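Worksheet: the structure to be examined is printed underneath.
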Amino acid sequence: MNVSLRCFAQLAKEDVCDYRDSTPHELPNGASVTNLIDKLGLHGEEIKLVYVNHVIVPQTTLLQEGDRVAFAPATGGM
């Protein structure tokens, strides 16, 4: 399945996860946000907020084809 991903602040990495435009990523059916984090080589504790289709969700959330995912780090006292 394909999902699109945006990352903010220090989580943004060119060709992996950008803040300007969604980056497409392919995952197996039944994958979770945690699987996406692992695929990208990120550390779950670096990510304070996970959004799927503009809703804050836990990292254990299962993804579906076409989901729009965004990661935000802890910033400014969060």
Only one of Val69, Val16 is open to solvent by less than 20 Å² (accessible area, probe 1.4 Å) and of a type outside the set (D, E, K, R). Can you tell me which? Val69
Options Gln59, Gln64: the member that is closer than 19 Å to Met1 by Cα, surrounded by 10 or more Cβ atoms within 10 Å (Cβ to Cβ) and in contact with a Ser or Thr (Cβ under 6 Å, 6 or more places away or on another chain): Gln59
Taking only pairs six or more apart or across chains, which ones have beta-carbon atoms under 7 Å, a first residue in region 10-27 that is under 12 Å from Ala70 (Cα atoms), and a second residue that is open to solvent by 30 Å² or more (accessible area, probe 1.4 Å) and at pLDDT below 80? Ala12/Asp18; Ala12/Tyr19; Thr23/Val16
Restricting attention to region 19-48, report how many residues are open to solvent by less than 40 Å² (accessible area, probe 1.4 Å) and either at pLDDT 95 or above or not polar (S, T, N, Q) (or both). 11
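The values are calculated or read from the model by the stated rules, or taken from the named source; none is laboratory data. Small disclaimer: the values here were computed from a predicted structure and weren't measured. Cβ atoms come from the backbone with ideal geometry, glycine included; neighbour counts cover every protein chain shown. Side chains are part of the model used for accessible areas, which takes the heavy atoms of the whole protein and leaves out ligands, DNA and RNA. Shrake-Rupley method; radii C 1.70, N 1.55, O 1.52, S 1.80 Å.
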